[in-house]
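Participant: Sharing a structure below in structure tokens format, with a few things to ask.
The values are calculated or read from the model by the stated rules, or taken from the named source; none is laboratory data. None of the values given here were measured: they were computed from a predicted structure. When we count neighbours, we look across all protein chains shown, and the Cβ atoms used for this are built from the backbone with ideal geometry, even at glycine.
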Amino acid sequence: MTQETQSALTPEVQAMIGVSGEVVEAWGDVNEEYLRRFTQALMDPDPRYWDEEFAKSTPYGEIITPPIMVSYMATRIRPDQEDPITRAFLEDPESDGIGRVERPGALPPVPTNLVRVLNAGNELEIYKYPSIGDKLFFQNRYSDIRERVGREGQPFLIITTETTFTNEKKEVLCITRASTIRR
Amino acid sequence: MSISLEELLKLPEEEILTHNERLTGEQLRNKKQTFFEDVHEGMELPKYIYHPTPTHLFRWSAAIENFHRIHYDLDFGLNHDKNPALLVHGSWKQSVAPQYLKDWTLPKGWPWKASFEHRAMLVPGDILIMWGRITGLQEKGGMGLVDLDLGMTTQDGIESMPGTATVVLPLKDGPDIPYPFVPPRD
């Protein structure tokens, strides 16, 4: 990095590392209808997802659900909140459908003027398959923010958000880490 | 024996599709255990082959309530974001990966952890090959830890999701893998 190029990893940005959101209870519960739609869209025909008698004979002893399914269930738009899609298009008729759609549990934004967001990668640790009827809880945390320098000498950030998913018994279901590039 | 990824990519597209090894519901129900002693470094896992259409993309968007227009609004994707077509979801790819690991480790193993990057834009009509290859083996705490390289490669050999994983296979004379899963201690 040249002396003229300012670091994107400012003290204000560094201060965001370790910042956690609140533990959020996701709306609804893990249910068979969401499971059916999810596994059909995933194209996973595993009878462990729908054949209760067979599922009882497996090491899990019950119907299971895909571990990563909870990450999508958790961010569903609650029925008691303002319709964020309608609002997004009122604010910007050219909305991409996602950029201004607020989701529950979001962390405060990282204070940077780097606005272009690219998906850099994901990590997943799996500990327990969610059960039908589970209530879901999740907590986001900025687990890492690093600076890199692009080919043209411009700094960019890699921001990693860790999310821990638990059930009502405080059992950890899975931990995800999503890294985004901010240019 | 699964065809190697290298050999698969030499085949014409229509022939690649015939090598799909995704398991049916009945095959998953009756799957025999692969034990730690059955595998070796360099061994390739079965290939899961997909041929997504715009309807598959729409179904995924609806299932997970992902409203990003690049996945279902072709006019927006072409003219606003300047994409070449509708784009296959990264979220779908990252959901296939744990499914793939689950299937391979069933009925008593465990798909412990995975990490991957997202590269390349995948579009309807692409042939997508989910693959895995064993890179390391370690017996620890009565469990068989298997390190893997994995990815989702197009018919043209473009790797869209390079990654790694560690899964657990039971030992033939070993204890059951604990559920909920408890990683072996260092």
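Participant: Mind checking which residues of region B:99-117 are small (G, A, S) and more than 7 Å from chain A (Cβ to nearest Cβ)? Lay out the reasoning, then the answer.
Facilitator: Keep residues of region B:99-117 that are small (G, A, S), which gives B:109, B:114-115.
Within region B:99-117, B:G109 is the sole residue that qualifies.
Participant: Please enumerate the residues belonging to region A:71-80 that are more than 15 Å from A:T166 (Cβ to Cβ) and either more than 11 Å from every other protein chain (Cβ to nearest Cβ) or assigned to a loop (DSSP other than H, G, I, E, B) (or both).
Facilitator: A:T75, A:R76, A:I77, A:R78, A:P79, A:D80
Participant: Consider A:I68 carefully, then state whether it is in contact with a strand residue (DSSP E or B) (Cβ under 8 Å, 6 or more places away or on another chain) and either facing chain B (nearest Cβ under 7 Å) or at pLDDT 95 or above (or both). Before you say what the answer is, go through the steps one by one.
Facilitator: Numbers: in contact with a strand residue (DSSP E or B) (Cβ under 8 Å, 6 or more places away or on another chain): yes; either facing chain B (nearest Cβ under 7 Å) or at pLDDT 95 or above (or both): yes.
It is true that A:I68 is in contact with a strand residue (DSSP E or B) (Cβ under 8 Å, 6 or more places away or on another chain) and either facing chain B (nearest Cβ under 7 Å) or at pLDDT 95 or above (or both).
Participant: Keeping to region A:15-62, report how many residues are in a strand (DSSP E or B) and under 18 Å from B:L23 (Cβ atoms).
Facilitator: Residues of region A:15-62 in a strand (DSSP E or B): A:20, A:24-25.
When the remaining residues are screened for being under 18 Å from B:L23 (Cβ atoms), the result is none.
Result for region A:15-62: 0.
Participant: Quick check on this structure: which one of B:E15, B:E21, B:E7 is among the acidic types (D, E) and either under 18 Å from A:D96 (Cβ atoms) or assigned to a loop (DSSP other than H, G, I, E, B) (or both)? So that I can check it myself, show each step before the final result.
Facilitator: Values: B:E15 fails: either under 18 Å from A:D96 (Cβ atoms) or assigned to a loop (DSSP other than H, G, I, E, B) (or both); B:E7 fails: either under 18 Å from A:D96 (Cβ atoms) or assigned to a loop (DSSP other than H, G, I, E, B) (or both).
Only one candidate passes the filter, namely B:E21.
Participant: Exactly one of these conditions fails for B:K102: (1) free of Cβ contacts under 8 Å to residues at least 24 places away in the same chain; (2) out of contact with any strand residue (DSSP E or B) (no Cβ under 6 Å at 6 or more places or on another chain). Give me its number.
Facilitator: Going through (1) free of Cβ contacts under 8 Å to residues at least 24 places away in the same chain; (2) out of contact with any strand residue (DSSP E or B) (no Cβ under 6 Å at 6 or more places or on another chain) one by one, B:K102 breaks only (2).
Participant: Any residue that is surrounded by fewer than 12 Cβ atoms within 10 Å (Cβ to Cβ) and within 30 Å of A:R37 (Cβ to Cβ) - is there at least one of those in region B:37-44?
Facilitator: The answer is no, given that none of the residues of region B:37-44 is surrounded by fewer than 12 Cβ atoms within 10 Å (Cβ to Cβ) and within 30 Å of A:R37 (Cβ to Cβ).
Participant: Considering only residues that are among the aromatic types (F, W, Y) and under 17 Å from the mean Cα position of the chain (by Cα), look in region A:6-50 and name the one that is surrounded by the fewest Cβ atoms within 10 Å (Cβ to Cβ). Working first, answer last.
Facilitator: We begin by selecting, within region A:6-50, every residue among the aromatic types (F, W, Y); these are A:27, A:34, A:38, A:49-50.
Going one step further and asking which of them are under 17 Å from the mean Cα position of the chain (by Cα), we end up with A:27, A:38.
Details: A:W27: 17, A:F38: 21.
Among residues in region A:6-50 that are among the aromatic types (F, W, Y) and under 17 Å from the mean Cα position of the chain (by Cα), the one surrounded by the fewest Cβ atoms within 10 Å (Cβ to Cβ) is A:W27.
Participant: Determine, yes or no, whether B:F76 is under 15 Å from the mean Cα position of the chain (by Cα), among the aromatic types (F, W, Y) and either in the same structural domain as B:G151 (by TED's automatic domain parsing) or surrounded by fewer than 22 Cβ atoms within 10 Å (Cβ to Cβ) (or both). If you could, list the steps in order and put the result at the bottom.
Facilitator: Values: under 15 Å from the mean Cα position of the chain (by Cα): no; among the aromatic types (F, W, Y): yes; either in the same structural domain as B:G151 (by TED's automatic domain parsing) or surrounded by fewer than 22 Cβ atoms within 10 Å (Cβ to Cβ) (or both): yes.
Here the answer is no, as B:F76 does not meet what is asked.
Participant: Right, another one. Looking only at region A:58-91, which residues are loosely packed, with under 12 Cβ neighbours inside 10 Å and either touching a Gly at 6+ places or on another chain (Cβ under 8 Å) or among the small types (G, A, S) (or both)?
Facilitator: A:G61
Participant: Identify, by number, the condition in (1) at pLDDT 95 or above; (2) more than 10 Å from chain A (Cβ to nearest Cβ); (3) more than 17 Å from B:L45 (Cβ to Cβ) that B:L148 doesn't meet.
Facilitator: Single failed check for B:L148: (3).
Participant: If B:W131 satisfies all but one of (1) under 25 Å from B:G25 (Cβ atoms); (2) within 14 Å of chain A (Cβ to nearest Cβ); (3) touching a Ser or Thr at 6+ places or on another chain (Cβ under 8 Å), what's the number of the condition it fails?
Facilitator: Among (1) under 25 Å from B:G25 (Cβ atoms); (2) within 14 Å of chain A (Cβ to nearest Cβ); (3) touching a Ser or Thr at 6+ places or on another chain (Cβ under 8 Å), B:W131 violates only (2).
Participant: Restricting to strands (runs of 3 or more DSSP E) lying wholly in region B:100-170: which have 3 or more residues that are farther than 23 Å from A:Y129 by Cα?
Facilitator: Values: elements: B:110-116, B:128-140, B:143-154, B:163-170.
The strands (runs of 3 or more DSSP E) meeting that bar are B:128-140, B:143-154.
Participant: Would it be correct to say that B:K93 is assigned to a loop (DSSP other than H, G, I, E, B), touching a Phe, Trp or Tyr at 6+ places or on another chain (Cβ under 9 Å) and charged (D, E, K, R)?
Facilitator: Values: assigned to a loop (DSSP other than H, G, I, E, B): no; touching a Phe, Trp or Tyr at 6+ places or on another chain (Cβ under 9 Å): yes; charged (D, E, K, R): yes.
When the stated conditions are applied, B:K93 does not pass them.
Participant: Hey, another quick one. Taking the stated definitions as given, is B:V88 crowded, with 23+ Cβ neighbours inside 10 Å, away from every other protein chain (no Cβ under 12 Å), under 25 Å from B:E13 (Cα atoms) and aliphatic (A, V, I, L, M)?
Facilitator: Details: crowded, with 23+ Cβ neighbours inside 10 Å: yes; away from every other protein chain (no Cβ under 12 Å): yes; under 25 Å from B:E13 (Cα atoms): yes; aliphatic (A, V, I, L, M): yes.
In short, yes.
Participant: Based on this model, can you work out whether A:D51 counts as within 9 Å of chain B (Cβ to nearest Cβ) and at pLDDT 90 or above?
Facilitator: Against the criterion (within 9 Å of chain B (Cβ to nearest Cβ) and at pLDDT 90 or above), A:D51 qualifies.
Participant: Against the definition (free of Cβ contacts under 8 Å to residues at least 12 places away in the same chain, crowded, with 16+ Cβ neighbours inside 10 Å, of a type in the set (A, V, I, L, M) and touching a Gly at 6+ places or on another chain (Cβ under 9 Å)), how does A:A55 come out, yes or no? Write out each step before concluding.
Facilitator: Working: free of Cβ contacts under 8 Å to residues at least 12 places away in the same chain: yes; crowded, with 16+ Cβ neighbours inside 10 Å: yes; of a type in the set (A, V, I, L, M): yes; touching a Gly at 6+ places or on another chain (Cβ under 9 Å): yes.
Against the criterion (free of Cβ contacts under 8 Å to residues at least 12 places away in the same chain, crowded, with 16+ Cβ neighbours inside 10 Å, of a type in the set (A, V, I, L, M) and touching a Gly at 6+ places or on another chain (Cβ under 9 Å)), A:A55 qualifies.
Participant: Would you check if B:P52 is more than 7 Å from chain A (Cβ to nearest Cβ), over 18 Å from the mean Cα position of the chain (by Cα) and in a loop (DSSP other than H, G, I, E, B)? Steps first, please.
Facilitator: Numbers: more than 7 Å from chain A (Cβ to nearest Cβ): yes; over 18 Å from the mean Cα position of the chain (by Cα): no; in a loop (DSSP other than H, G, I, E, B): yes.
Considered against the rule, which asks whether it is more than 7 Å from chain A (Cβ to nearest Cβ), over 18 Å from the mean Cα position of the chain (by Cα) and in a loop (DSSP other than H, G, I, E, B), B:P52 comes out as no.
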